[in-house]
Amino acid sequence: MLDIPRALLVALYRAAVEGAAPFPRTREAVAEWITAHRHAFGAETRVHCIALGKAAPSMAAGATRAIEDAGFALAGGVVVCAHAGGSEVPPALTVVVGDHPVPGPGSLDASDAIASAVHDVAPSDVVFVLLSGGTTSLAAGPVAALSHAVGNADRAQAHIANLAETLLESGLAIHEMNAIRRRVLRWGAGRLAVALDARGASHIPVFAISDVIGDDPAVVGSGPCSPDSLDDASFLALVDAHGVRSGLERDMGEFLGVLGAGGVPSVPPSDHPAFARVSYRFVARNSDAVEALSNAARSAGVDRVIVQPEPLAGDAAALGDALARRAIGIARTLEQGERALFVAGGEPVVHLRDTFERAWQEGEADDASLAADESGFEPLARTAGDIIPLQSSTDEPMRGGRMQLLALTASLALEQLASQGNRDAWRITMLAAGTDGRDGPTDAAGAIVDAVVPSRARRAGRDPERDALTGRSHYPLDAAAALVRPGPTGTNVMDVVAILIEG
């Protein structure tokens, strides 16, 4: 039998992704820039394209179409992306696959490929820079000073990877993580613009798809063409947040100026002449995906579409619980037969609960430890009547992402309410998914859940409460057939949440 709520939510997710489609939006924006800057193109002017991030192939294809339609040929450039294959990348561009979410050898190669593309730029050339989510990791390579400090680029890259892992586990928001990472990245904090300026580029138009709350150019991709606005004191305070300092390797801590007597790594000054050559435009944002999803819901006949204006931020687990309660409140206001959809977008973070996991391993935690905080929901008691032994082993690798954790905790809250006699809980189905098609280091964008998902997971041998607490949200959602696996979407404008409430 067709699962109508799930089918509708899958269709709405596709509409959200299409609303932030890179190709048409980049083509239109680049065409408008060329029209307004015809004076920038002389007889000897060559055009280059440097496209970085998960949406780089589609953005490069869109930009190239606009460039060719305007009568110019592409002289060269590079595309740094997350997946190989596909025919959309113009043959004039070199394609390099970096590593994500933790940079590795592929990212170091990508960093070198960018350097080669920069070297090909000649005075008076125009260089289009296209940025999208994932750039920070995919194009990550160490600044020369870090390589010199630790001996060579390969060792420096290992420190870059360790820093990324430390920050991903810290619970810092993406703008905070990138504020730290751009200090040590070869192309972060405006260094790409400075390098292009040194080659004589006359114009550096930047077109970006924002994957960060607030749409700050210095945060998107760690700001390859944007100055770093964070002063040294604020930087040092940030490194101390969430225990980041204690998780750093000594060499990295010394280079960042938080261990030993060294100073904070320098960045190009905000008044560097390179930034006068840069123009910046966002071609797609999270709000575009939210708007497209909302419009598709109205077209599908949903009676009430409620859009949350504030972006989703903060702890993903707490948000899942809060959104479930928000949906219950909406359900109480519906008329007979009326359907409503609550829509929100943003990018929560995941806080790993290491202390709880250690307590569980040592036998010091029980079901009472799972009592939720401000949610007010008491956890369901587990009994010895489970058909299959629960499998949430601490030997399993942690697997999941912010949307999977949010979805799982929401389903646990709905299950709890349903067990307490709240009939509205059975009327709620939630989609929580990343627009790039990949939530964390998994093959899923997120999940579609309801009050039944936790019991399905238990019958398959999972312990969803413990999985939620120990960074293993992927497993129970997979066991309950709740995951959404669209594959790479070609865009990345953070996450969307859509909650369908049946009348």
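Neighbouring Cβ atoms within 10 Å as the yardstick, rank Trp187, Trp33 fewest first.
On the way: Trp187 30, Trp33 20.
Final ranking by Cβ density, sparse to dense: Trp33, Trp187.
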Open item on the list: Taking every DSSP beta bridge with both residues inside the chain, roughly what % is antiparallel (nearest 5)?
Closed with: 40
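Ranking request for peptides 269-275, 399-405: highest mean number of other beta-carbon atoms within 10 Å first, then the rest in descending order.
Values: 269-275: 13.3, 399-405: 28.6.
In descending order of packing, they fall as 399-405, 269-275.
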Task: Calculated from backbone phi, Karplus (6.51, -1.76, 1.60) coupling profile of region 482-493 in Hz, x at Gly/Pro - done: 9, 6, 10, 10, x, x, x, 8, x, 9, 6, 10
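Taking GluC sites (Glu not before Pro) as candidate sites, keep only those in a DSSP loop with at most 12 other Cβ atoms within 10 Å, then name the longest stretch of the chain containing none of them. Write down the numbers at each step before the final one.
On the way: sites that count: Glu44, Glu335, Glu362, Glu364, Glu374.
It works out to 45-334.
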Task: Length released on extending from Asp232 to Glu502, taking residue separation times 0.36 nm less the Cα-Cα span - done: 92.0 nm
- [ ] Scan around Leu312 for amide H atoms under 5 Å from its own, H built in the peptide plane at 1.01 Å from N, and keep only partners 5 or more places away or cross-chain.
- [x] Gly345, Gly346, Glu347
- [ ] Could you list which residues have their amide H under 5 Å from that of Leu52, counting only those 5 or more apart in sequence or on another chain, with H placed in the peptide plane?
- [x] Val80, Leu130, Leu131, Ser132
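Work out how much length Asp216 to Ser124 would gain on full extension: take 0.36 nm times their residue separation and subtract the Cα-Cα distance, in nm to one decimal.
Details: separation 92, 0.36 × 92 = 33.12 nm, distance 2.82 nm.
Here the answer is 30.3 nm.
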Task: Pair His37, Arg155: separation of 7 Å Cα→Cβ label points (nm) - done: 4.1
Open item on the list: Whole angstrom only: what separates the Cα centroid of region 456-503 from the Cα centroid of region 18-75?
Closed with: 37
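Contour minus end-to-end for Ala115 and Glu310, with contour as 0.36 nm per residue of separation and end-to-end as the Cα-Cα distance? Don't skip to the answer; put the middle values down first.
Working: separation 195, 0.36 × 195 = 70.20 nm, distance 3.90 nm.
Contour length minus the Cα-Cα distance gives 66.3 nm.
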TODO: For Asp303, put the label point 7 Å out on the Cα→Cβ axis and report which residues of region 460-503 keep their amide N under 17 Å from it.
DONE: 499-503
Task: Rel. contact order, % - alpha carbon contacts under 8 angstrom, at least six apart, the chain - done: 16
Open item on the list: Taking θ = phi - 60°, what integer Hz values does the Karplus form 6.51 cos²θ - 1.76 cosθ + 1.60 yield along region 139-147, in sequence order, with x for Gly and Pro?
Closed with: 9, 6, x, x, 5, 4, 5, 5, 4
Open item on the list: Please state the shape class of region 295-344: rounded when a/c is under 1.5, otherwise prolate if a/b exceeds b/c and oblate if not, all from the C-alpha gyration tensor.
Closed with: oblate
Task: In nm, spacing of pseudo-spin labels at Thr94 and Val10 (7 Å Cα→C-beta vector) - done: 4.1
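So, by mean Cβ neighbours within 10 angstrom, what's the order for 429-435, 446-452 with the highest one leading? Intermediate values should be presented prior to the final figure.
Details: 429-435: 30.0, 446-452: 26.9.
Ranked by mean Cβ neighbours within 10 Å, highest first: 429-435, 446-452.
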Task: Counted charge near Ala418, where neighbours are those whose Cβ lies closer than 12 Å (Asp, Glu -1; Lys, Arg +1) - done: -1
TODO: Enumerate the amide H contacts of Leu185 below 5 Å, restricted to partners 5 or more residues apart or on another chain; note that Pro and chain-start residues carry no placed amide H.
DONE: Val143
Open item on the list: Once you order the gyration tensor axes a ≥ b ≥ c over the Cα atoms, which shape class does region 121-240 get: rounded for a/c under 1.5, otherwise prolate or oblate by comparing a/b with b/c?
Closed with: oblate
Task: Simple spin-label estimate for Asn422 and Glu338 in nanometres, 7 Å along Cα-Cβ - done: 2.0
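Using only alpha carbon pairs under 8 Å that are at least six residues apart, calculate the relative contact order of region 19-165 and give it in whole percent. Please report the intermediate quantities before stating the final value.
Working: 278 pairs, mean separation 38.3, N = 147.
26 percent.
So what is the calculated 222 nm ellipticity per residue for the chain, using -39500 (n - 2.57) for each DSSP H run with n of 4 or more, over all residues, to the nearest 500 deg cm²/dmol? It would help to have the intermediate numbers written out before the result.
Values: 19 runs with 198 residues, N = 503.
Helices in the chain give a 222 nm mean residue ellipticity of -11500 deg cm²/dmol.
No lab work stands behind these numbers, since they all come straight from the coordinates. Quick caveat: nothing in here was measured; it's all calculated off a predicted structure. Glycine gets a Cβ as well: all are built from the backbone with ideal geometry, and neighbour counts include every protein chain shown.
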